[in-house]
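Colleague: Here it is, the structure in full.
The values are calculated or read from the model by the stated rules, or taken from the named source; none is laboratory data. Everything quoted here is computed from the prediction, not taken from an experiment. When we count neighbours, we look across all protein chains shown, and the Cβ atoms used for this are built from the backbone with ideal geometry, even at glycine.
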Amino acid sequence: NVLILDFGSQYTQLIARRVRELNIFCEIFPYNHCPTDLSSYKAVILGGSPYSVRSEDALHIDLSHIRGKLPILAVCYGAQYLAHFSGGEVAASNIREYGRANLSYIKENELFFEKVNFHSQVWMSHSDTIKHLPTNGVKLASTNDVENAAYKIEGETTYAIQFHPEVYHSTDGKQMLENFLVKIAQVEQSFTPNAFVDDCVKELQEKVGNDKVVLGLSGGVDSTVAAVLLNKAIGKNLYCIFVNNGLLRKNEFENVLHQYKDMGLNVKGVDASERFLAELTDVEDPETKRKIIGRVFVEVFDEEAHLLKDVSWLAQGTIYPDVIESVSVKGPSATIKSHHNVGGLPDFMKLKIVEPLRMLFKDEVRRVGATLGIDAELLGRHPFPGPGLSIRILGAITPEKVRILQEVDDIFIKGLKEHGLYDKVWQAGAILLPVNSVGVMGDERTYEKVVALRAVESTDGMTADWVHLPYDFLMKISNEIINKVKGVNRVVYDISSKPPATIEWE
Ligand code: XMP
């Protein structure tokens, strides 16, 4: 088990993902909530930070209970911190160092640089530089601009690097992490999907025993994998509920329900479409839509859960990025849209919570799902927002608009699959705009709806680029939509990236 201390860098989660890719389990803690009991940890990584060690608001940590006791890898801010407060010197650098650089010196016979190419490319992102190494510091590597790009501390297993090994542009970054964790710190590479499934099933059996568990399935990857894991652990004591809010994709409710039953899950489908749509009548504001959908979902779920006797646990498909307590950095609040499915259900349900995936990243959930034999198509599904099509119908929602958007979305998604493009896209969907435009069909003038198609590439939804879908494909899909979907006479393609746009339009 590896401990990663977060000082607010945007890259901290990336470090964790790289460590996990080495089949090594790791956890992220904020620098100021470092666990006091370190007995289960084999190594510590100190992350980067947007702060400067020289400024008054530098983030401080007492390393006395770690240094010399556990192997440490200090990255960027971590490397500067070790230097600045242990007898070295950090100064503002003449040039801000961002982007690619190449190692120009590597100390010979260092385990840390084993199998690393001599001119290896590394990714720099800092504006301070380490002028003098800390007491007992030994230089391990330099670049043309950065003299002390890597160092170690004699007499300790403490290593420090100025560049970011976790970023793909650091070509040998993963090798260095492996050298540090496996060769130097001798951490075992035993965190595999199979091992996770075995451990998790055992833990669930111990935790839940013969109790009954209720779980809300959404059709998405996380809730599905959570359900299959629980099903493996406790079988018929797992009760799944799949609610149709009337804002799912075309035929999604029926198809996915069928799939769940085929997987042997004990699932009840509840069609509450009319109830949701009735509550949403005339509602235009997106945040109000989200709140209503969140509330009605809880009501429906609560009613269904009460029909089950003696349920004591609520299972959720929460994953690691939702639970990592992050170090807040100055700047605008990260909450731009409220995501109704984060935060769970209200206290009045009085159920104990079980979250089998809470330590996994999304890609790990997919790998665990594959190990469990879940269909690859289901595991590869694009993310779909909890409020569904409601936030892709701009303005007030009507059953007719839902029908139009479902048809359009279906043509687009099927088209992506047929043209082998679906898996190249992180998320795709269609948006129904609240404007009519003039068209001509045959000899007749039309005045009908405009739809926008959106397809983005992303890794986590935090940033996204629009996908350069082939023109021929867009032409074909546009024709098909206009010819087949009554009520639409114009199709546009969204070419905005996030930021400054967001993925959804509402
Ligand atoms: P934005 O529009 O914020 O979307 O760039 C980022 C990701 O979040 C999804 N999204 C939501 N998911 N409830 C959800 O469960 C919501 O209210 C919600 N709003 C946006 C969006 O589909 C994208 O994957």
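Colleague: Does segment 211-220 include one or more residues that are closer than 22 Å to VAL298 by Cβ, touching a Pro at 6+ places or on another chain (Cβ under 9 Å) and modelled with pLDDT under 95?
Modeller: Checked segment 211-220: at least one residue is closer than 22 Å to VAL298 by Cβ, touching a Pro at 6+ places or on another chain (Cβ under 9 Å) and modelled with pLDDT under 95.
Colleague: Test ILE411 against the criterion of being closer than 21 Å to LEU394 by Cβ, out of contact with any strand residue (DSSP E or B) (no Cβ under 7 Å at 6 or more places or on another chain) and β-branched (Val, Ile, Thr), and give yes or no.
Modeller: Yes, satisfied.
Colleague: Of all residues in segment 126-147, count the ones that are in contact with a helix residue (DSSP H, G or I) (Cβ under 8 Å, 6 or more places away or on another chain) and part of a loop (DSSP other than H, G, I, E, B).
Modeller: 2
Colleague: Here is a follow-up. Could you tell me whether ARG392 is within 16 Å of the ligand (Cβ to nearest atom) and basic (Lys, Arg)?
Modeller: Judged against the criteria, ARG392 is a match.
Colleague: Could you check THR171 against (1) outside the structural domain of LYS268 (by TED's automatic domain parsing); (2) surrounded by 21 or more Cβ atoms within 10 Å (Cβ to Cβ) and say which number it fails?
Modeller: (2)
Colleague: Filter segment 224-276 down to the residues that are under 16 Å from LEU308 (Cα atoms) and either of a type in the set (S, T, N, Q) or not assigned by TED's automatic domain parsing to the domain that holds VAL201 (or both), then identify the one that is surrounded by the fewest Cβ atoms within 10 Å (Cβ to Cβ).
Modeller: Checked segment 224-276; the qualifying residue surrounded by the fewest Cβ atoms within 10 Å (Cβ to Cβ) is ASN266.
Colleague: Given the criterion within 16 Å of the ligand (Cβ to nearest atom), surrounded by fewer than 19 Cβ atoms within 10 Å (Cβ to Cβ) and either of a type in the set (Asp, Glu) or in the same structural domain as LYS289 (by TED's automatic domain parsing) (or both), identify the matching residue among GLU418, GLU457, GLU377.
Modeller: Matching residue, one of GLU418, GLU457, GLU377: GLU457.
Colleague: Please go through segment 479-503 and pick out each residue that is touching a Leu at 6+ places or on another chain (Cβ under 8 Å) and away from the ligand (no atom under 16 Å from the Cβ).
Modeller: VAL491, VAL492, TYR493
Colleague: Given (1) within 17 Å of LYS401 (Cβ to Cβ); (2) part of a loop (DSSP other than H, G, I, E, B); (3) β-branched (Val, Ile, Thr), where does ILE481 come up short, assuming only one miss?
Modeller: The single condition ILE481 does not satisfy is (2).
Colleague: Has segment 84-97 got at least one residue that is closer than 15 Å to VAL167 by Cβ and assigned by TED's automatic domain parsing to the domain that holds PRO165?
Modeller: Within segment 84-97, one or more residues are closer than 15 Å to VAL167 by Cβ and assigned by TED's automatic domain parsing to the domain that holds PRO165.
Colleague: For the structure I just gave you, tell me whether ALA428 is without any contact (Cβ under 8 Å) to a residue 12 or more places away in the chain and within 12 Å of the ligand (Cβ to nearest atom).
Modeller: no
Colleague: On the basis of being touching a residue at least 12 places away in the same chain (Cβ under 8 Å), in contact with a strand residue (DSSP E or B) (Cβ under 6 Å, 6 or more places away or on another chain), away from the ligand (no atom under 16 Å from the Cβ) and within 15 Å of ARG249 (Cβ to Cβ), does LYS401 make the cut?
Modeller: yes
Colleague: Are there any helices (runs of 4 or more DSSP H) wholly within segment 148-253 with 1 or more residues that are in contact with a His (Cβ under 8 Å, 6 or more places away or on another chain), and if so which?
Modeller: 173-178
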